[in-house]
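Reviewing the structure listed below.
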Amino acid sequence: MRSLEVMLSKFSRVFPDCSAMASKLRPMTYNAEEEVRAQKNQATYLVQLAGRTTPKGLHCLSMRLTAEDFALPAEERQLPNQQRVQDPDLHHSAVFTDNVLACAVVVNSTVSSAMEPEKIVFHVVTDTLNLPAISMWFILNRTGKATIQIQSIVHFEGFPPINYNSTFKQQNSRYSRYNSALNHLRFYLPDVFPQMIRLCYLTMMW
């Protein structure tokens, strides 16, 4: 206790006006924290912008694929092995996305690293706007022995719940994907695919 008193006495002589110094340091610390927070927000925005920016030659990819899908005869739009999509003995994976290239990367990466790709079934769920483009991509670029099923989110009525849109739109997020039903549909996997005993959700960074 004596040594503590001596130390405090020394500090009081070296720093006679500690309260004034503390008052100066407090706003400096607050300003530094605010600056760090602003830099983090800007970094997050730039990362998202870079992730969603594609080369100029790919800007119209979805439009070209959609046009090709509409021009394709109905009998040629069917993906192979659709009889496997409900087989409980296979390995089922779900992908919820509206990004054609990101979906292709996830599916191709999984198939290429699988020991038994013929036992994998992908359940891709997208919005109505991108359904033709994603379907056409996998018609033109087969997934080898794996099976892929592509569905629109409108097939799953009631998920997310009715009050979903109003709740998330009130948050006014500048990132549209945070307000997307596809981004939150994963929380309802047991309800969306009630017939599946085991289902793996595949995510992607974009």
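Within region 89-136, the only residue that satisfies the criterion of being touching a Gly at 6+ places or on another chain (Cβ under 8 Å) and either among the β-branched types (Val, Ile, Thr) or closer than 24 Å to Phe156 by Cα (or both) is Val111.
In this structure, Leu185 does not satisfy being hydrophobic (A, V, I, L, M, F, W, C) and at pLDDT 85 or above.
Of the residues making up region 119-139, those that are free of Cβ contacts under 8 Å to residues at least 40 places away in the same chain and either of a type in the set (Ser, Thr, Tyr) or surrounded by fewer than 15 Cβ atoms within 10 Å (Cβ to Cβ) (or both) are Thr128, Leu129. Being at pLDDT 90 or above and of a type outside the set (S, T, N, Q) is a property that holds for Val121.
Looking only at residues of region 58-110 that are more than 26 Å from the chain's Cα centre (by Cα) and charged (D, E, K, R), we find that the one that is surrounded by the most Cβ atoms within 10 Å (Cβ to Cβ) is Arg84. The set of residues in region 90-115 that are part of a loop (DSSP other than H, G, I, E, B) and without any contact (Cβ under 8 Å) to a residue 24 or more places away in the chain contains only Met115.
The values are calculated or read from the model by the stated rules, or taken from the named source; none is laboratory data. Please read these numbers as outputs of a predicted model, since none were measured by experiment. Note that each Cβ is placed from the backbone with ideal geometry, even for glycine, and that neighbours are counted across all protein chains shown.
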